[in-house]
Each structure stands twice: as C-alpha cells, then as structure tokens.
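**Student:** Can you keep this structure in mind? I'll have questions shortly.
What follows is calculated from the coordinates using simple rules that are stated; it is not laboratory data. Computed from a predicted structure; not experimentally measured. Don't worry about glycine lacking a Cβ; one is built from the backbone with ideal geometry, like all the others, and counts go over all protein chains shown.
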Amino acid sequence: MTSSLTIGFLPLVDACLPILAREHGFAEEEGLSLTLVRDMSWATVLDRLLYGHTDAAHMVAPLAISTSLGQGLGRGRPAQALAVPFVLGLNGNAITMRPELAHRIGEPGRLGDPSRVGAALRVVALERLAAGNPLRFGVVHRHSSHNCMLRYWLAACGIRPDRDVEITTVAPPFCADALELGEVDAICVGEPWNSVAVEAGAGEIVLATAQIWRRGVEKVLALREPLLADRRDQIEALIRALIKAGRHFVDPRNWDDNATILARPEYLDGSSMLIKRAISDRLLLARGGSLVDFPDFMFQYREAANFPWVSQAEWLYTQMVRWDGLAFDADDARKVAQVFRPDVYRSALIGTSEPLPGASSKVEGSIFQTTTVGTQQGAMTLESNRFFDGGVFDPLDPQGYLARLG
Amino acid sequence: MRIAIVDVSTTRAAVIREGLAALDDCEIFIVTEHRGLVARIGEIAPDIVLIDLGNPSRDVLEEYFVVSRALDRPIAMFVDESDEESIGASVDAGVSAYVVDGLAPHRIRPLLDLAVRRFQAFARLQSDLAEAKGKLAERDAIDRAKRILMDQRRLTEPEAYAELRRTAMNQGRRIAEIAEALITAHMLLTNTHPEHGK
C-alpha cells in the first residue's frame, strides 16, 4: 500500500534529495507517494509544518533547534518539539561580496584562504566602522547555518559581529539585488543565489562556507516529533528513499539530468546551467572568469553525511547562545540533543549497505587528516572535518568551548 | 489601530483594505515594495502587520520585529493559544499576522477573521477569473472548428455545430476538446500555424 507524505521546501539546490526521491521513483520503491510544497520564506515553510500543511520540511538546521526551544525568532510561536532524523546535506553556501570589496580583500581567480581574507577584511571593516558606515552582511535567516558560519569566521578573524559589522536578513531571491544596490556589502547564501549574483555582475564569490567548517551541518529533514512517533515506518521509508537520492545526486553521470529536473518551474524555477555548477562543485567566482573546482562544496552523501550527529546540533546551540545573548542552559542543551535522532536513522538503514556510525556524537573539528572510524558493520573513512582556525568542539564540554570562544 | 498590509499583489492588498475599511478606528497602510520594507514599517509604526505567506520578505520582517531596537513596542507573530483552529485557518488562507505586545486577542480576532475572509474571497476571484479565461478560449476554439468544417465540407454554421456536438457525444468528450483536436488535425494537414486559422 502506498502512503502519502507532503514535504515543504525552499527553491535551493540543497532541496535536491526530496525532489530527486520523487522524480526518480526512489520514494515509490519504498511505498511512498511524495507531494512537494514550494515556499518562498523559512517562516512559511515552518508555519506549514507546525499547522499540518506538510508532514516534513527541508529546513535550516538552527531553525529546527530554535523552534524546539521556542526561542528567538520562534517568539510568538509556541515551542514545538521537532525531530531531525536525517541531514539533507553539509555546506553548499558561499560568501559573495560586491566586486570592489572582493577585489580589495579576496584572491582573484580562486577561493581565498579564510584567515588571510579575514585579516584583510578586518582592515576594511574597521575603516568603515570609523567612517560611521559599517560593513553590512546579508544572511538568509537569523537561525541559519549561514549566519552561524559567517559569524564564526568573522569573530575568529577579530571582527566582532553586531559591533564591528552589521548582519541582517535578506531573502535569497533579493540577494543579488541587495548587493547591486549597495544595501549590503556581502551575502552568505546557498546556491543558486551566489551564482545568480555573479552572473548579474553584482558580486564575486570570495569564500565557500565549507572552507570555514569543512563538514558543517546545513539543511535537515525536520518533522513534528508526534508525527514521527505516529508514522515511524513511513519516515524510515522516506529516509531510505532519500539515501538513494543522495547516491544518485553525487554520481557525475547524473549531473546533467538532475540539474534539468531541479531547474523546472515547480522546483527551483532557475537556470540548469547555474544549478549544475553547484552540483558538480565547480563555481564561477566572477563574471568573465573560469570555473573553479572546489571538491566538497556541497556534501550530500559520502561519509554518512546524512547521519544526524547529536554533536552538530549541540554545536549549533552553542552558537545561538553566543550570538542571541542567551545564557547556556543545561535543560535547553538536553532538549537540543533530543532533536537530532540518530536512532531513527539507524533503524531505517539497518540491513542496507550504508555505514551506520557506532557513536551518536563526535568531537567536531578534530579530524585533520583522513581517519578511519568504527561503524556497526566495520569501518568508514572520514576526511578532514576541521574548522579553519583549528577550533575543536567537544560535546562533553560546551561551556568550556563557549568560554574559549569568548 | 494602525494596520500595515504587506503584499506584492496590489489588487489583493486593495481587496483586503476594502474589507477592513468596515472596521471602526482603523488606519490602513499598504506596502507592496520589498525594497526599503523595514524602513517603511518603521515609519508606519503599525499595531498589526498582515503579510501573505508567499511573500519572500517574511523572514526579513520577523527578524526586524525580534532584533530591531528601533521599535518602541516589540511585535510578535499572533498565535492565540486558546484558538489554534483559527490560526490554522489563517495559514490555510495564506495570511499571517504580527501584533504589538499588549494588544488583546479579542481586538485582533475579528480583524484577522475579516482578513482571512478577504484572502479567501481573493483566491476565489482569481480562480473565477482563470475559469472565465478558460471559457473564452474554449468558445474561440469552437468558433474556429466550425469555420473549418464550413469551409472544408460546405456546411452551414448550425450544421457544423451539430457535427461537433454529435462527435463529442459519440466519443464521450467535451465539444471544446473535439474542437481542439479538429484544429490540431487541420493545422497538421494544411501546415498552418494556429494564428493563421483565425
């Protein structure tokens, strides 16, 4: 018997897995009929999830956490426990700057070194601050991975967000426009919106967020916790369909087809050429340049990328505490740890060939070179997951970590 | 009360404004431009903001309400926990409301209900319009099919129509569908572009 699931999404390249699970019949193979609902803001994706228009949603990871805590932008919305049994991908965002700023601090023709670019940016940021016209950055949502990564990078380079530079929210479709008009000096956004800004000559890509944290959690599959309990079998079937979609997505033989599907009006309604750049990890950094290959720009499948590491949720919580002016709260931290559900991921995929990590948490940023780790079926190789500044997050000591960050 | 309606559709905003105009003591402002949205909202200093769920600027607005120090009174999304059903209805209708702190739910409820009804009315209006457009296109196709039959088979207009109707009944299809099929076939056989058949 076929069960129906409705999934909300924003038109971004990293909404690819639910879309491809539907289009290539992976959902059908698992006895699921998927309906996808496209929206234009995270607020609306969230409202549809909370009020039952959708069963699950493509969501920026920090928003799933803040909704469960009922804080920050959830203000007004009552706290509702969300569950994240699957990560839809790691990274895939970039920092794009107005051309004159990019020329001054970036490394033309390549993605710059984050520390060197940050040091050059600090000079400009302080100049602009002294002139009473501080640099302005646009991110897609306050509770987005983009905001966490951007702030992490700035702060580690000696640029204090909210004091030295302003960070504001810009809707992705308006990012190129905001750069062009000078409403912001830089944006941190997902694809295809960086490439759209490059094509328009409004901006140049200076860094990929994967350079800030090589294996940073990005979008997740979020659902209401009671729905997960009620429809556990269907959600596990969905996880198997999404894994198959991930395997298909990273295979170079499928890139053209998948870019064409994602570009369709009902999905991203965009250019398949720009979408293919993101899929293939080959970006055009500036108009008139040539494509630059940055492996792992988007990371949707290998190394159990979709496994919801509890430590990644906990890292995001430390960043919310850091930037939303909250006090670290042990109860909140416990709630956050319950949002990510590696147990559901494991029970969905047990008996398949997918590696199932034996641990649910890991020390984030601790792998500097290729390392072998244990899984339930043997071993899996992990490549570097480092933060650009060598920072290490031990989930057993979040408060010590926050104290070191200052 | 000062009410801001944020909507990229000027027509829909006007329909909602008209609906809310019936309320006493309400001043209504319409914002359709996403550029400078936040500054404009700051100037208006609304008690209530209504925004359609399809507007890409919702996240921008929510952040402004939470973070901005420019506002004297904080604004939050209106969620009346005593009546979740009606909030669900507004999500269904495609509108969300943000209200300033301290505004009592009983003052907001009638207003939100009205806005929801206007949103629904607008959605109906649009589907009626789409239907009317479809009907016009169908009538046009039938006229063109009749003309082809009249030219090719030397039929009178009533005979041509009767022929279309008979075929439709025999095949269990609509007259408009038969007309479309006939036009397509005629185009293929005479190698004409649809516009030339007029």
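**Student:** Rounded, prolate or oblate for the stretch A:93-211? Axes are the square roots of the Cα gyration tensor eigenvalues, ordered a ≥ b ≥ c, and the cut-off for rounded is a/c under 1.5.
**Tutor:** Rounded.
**Student:** Right, another one. Using a simple spin-label model with points 7 Å from Cα along the Cα→Cβ vector, what separation in nm is obtained for residue B:191 and residue A:405?
**Tutor:** A separation of 7.1 nm, rounded to one decimal place.
**Student:** Set the Förster distance to 22 Å, then compute FRET efficiency between residue A:328 and residue A:166 from the Cβ-Cβ distance, nearest 0.05.
**Tutor:** Result of the calculation: an efficiency of 0.30.
**Student:** Sticking with this structure for a sec: Under the rule a/c < 1.5 gives rounded, and otherwise a/b versus b/c splits prolate from oblate, where does the stretch A:261-314 land using the Cα gyration tensor?
**Tutor:** Taking the square roots of the gyration eigenvalues as a ≥ b ≥ c, the stretch A:261-314 is oblate.
**Student:** In peptide A:165-171, what is the residue-averaged number of other protein chain Cβ atoms found within 10 Å of each Cβ?
**Tutor:** Mean shielding count: 5.
**Student:** Once the Cβ-Cβ distance between residue B:26 and residue B:127 is put in as r, and R0 is 35 Å, what FRET efficiency do you end up with, to the nearest 0.05?
**Tutor:** Here the calculated transfer efficiency is 0.75.
**Student:** Under a Cβ-Cβ cut-off of 12 Å, what is the net charge of the residues other than residue A:260 that fall near it, where Lys and Arg count +1 and Asp and Glu count -1?
**Tutor:** Once positives and negatives cancel, what remains is -1.
**Student:** Here is a follow-up. Relative contact order for the stretch A:171-223: what is it in percent, counting Cα pairs under 8 Å that are at least 6 residues apart?
**Tutor:** This gives 30 percent for the stretch A:171-223.
**Student:** Now for a separate question. Would you list which lysines come within 21 Å of residue A:335, measuring only between C-alpha atoms, while excluding same-chain residues fewer than 8 positions from it?
**Tutor:** Output for residue A:335: A:219, A:362.
**Student:** Let me ask you something else. Which semi-axis lengths, in whole Å and largest first, follow from the square roots of five times the eigenvalues of the Cα gyration tensor of the stretch A:354-405?
**Tutor:** Taking √(5λ) for each Cα gyration eigenvalue gives 24, 14, 6 Å.
**Student:** Starting from the Cα of residue B:135, draw a straight line to each of the lysines and keep only those under 29 Å, dropping any in the same chain fewer than 8 residues away.
**Tutor:** B:146, B:198
**Student:** Which whole number of Å³ per residue matches the convex hull of the alpha-carbon atoms in the stretch A:1-45?
**Tutor:** Hull volume over Cα atoms, normalised by residue count, gives 58 Å³.
**Student:** Can you list, largest first and rounded to whole Å, the semi-axes you get for chain A by taking the square root of 5 times each eigenvalue of its Cα gyration tensor?
**Tutor:** 31, 24, 21
**Student:** With contacts defined as alpha carbon pairs under 8 Å and 6 or more residues apart, what's the relative contact order of chain A in percent?
**Tutor:** Reported relative contact order: 21 percent.
**Student:** Can you pull the mean other chain C-beta count within 10 Å for peptide B:86-93?
**Tutor:** 3
**Student:** Could you tell me which residue out of A:194, A:175, A:132 lies farthest along the dipole of the protein assembly as shown toward its positive end? Charges go on the beta carbon: Lys and Arg +1, Asp and Glu -1, centred on the Cα centre.
**Tutor:** With unit charges placed on the Cβ atoms, the residue in question is A:194.
**Student:** Also, quick follow-up: Which of the aspartates and glutamates could be linked to residue A:244 by a straight reach, that is with a Cα gap under 14 Å, when you skip same-chain ones fewer than 8 residues away?
**Tutor:** A:23, A:28, A:29, A:30, A:236, A:354
**Student:** Test of the criteria: in the stretch A:214-291, which GluC sites (Glu not before Pro) are in a DSSP loop and have at most 16 other Cβ atoms within 10 angstrom of their Cβ?
**Tutor:** A:266
**Student:** Quick check: net charge around residue A:329, other residues with Cβ under 14 Å of its Cβ, Lys/Arg +1 and Asp/Glu -1?
**Tutor:** -1
**Student:** Right, here's the next one. Based on other C-beta atoms within 10 Å, arrange A:298, A:1 from fewest to most.
**Tutor:** A:1, A:298
**Student:** Any chance you could run the full-extension gain for residue B:137 through residue B:170? It's 0.36 nm times the residue separation minus the Cα-Cα distance, nm to one decimal.
**Tutor:** Stretched out fully, the residue B:137 to residue B:170 stretch lengthens by 9.6 nm.
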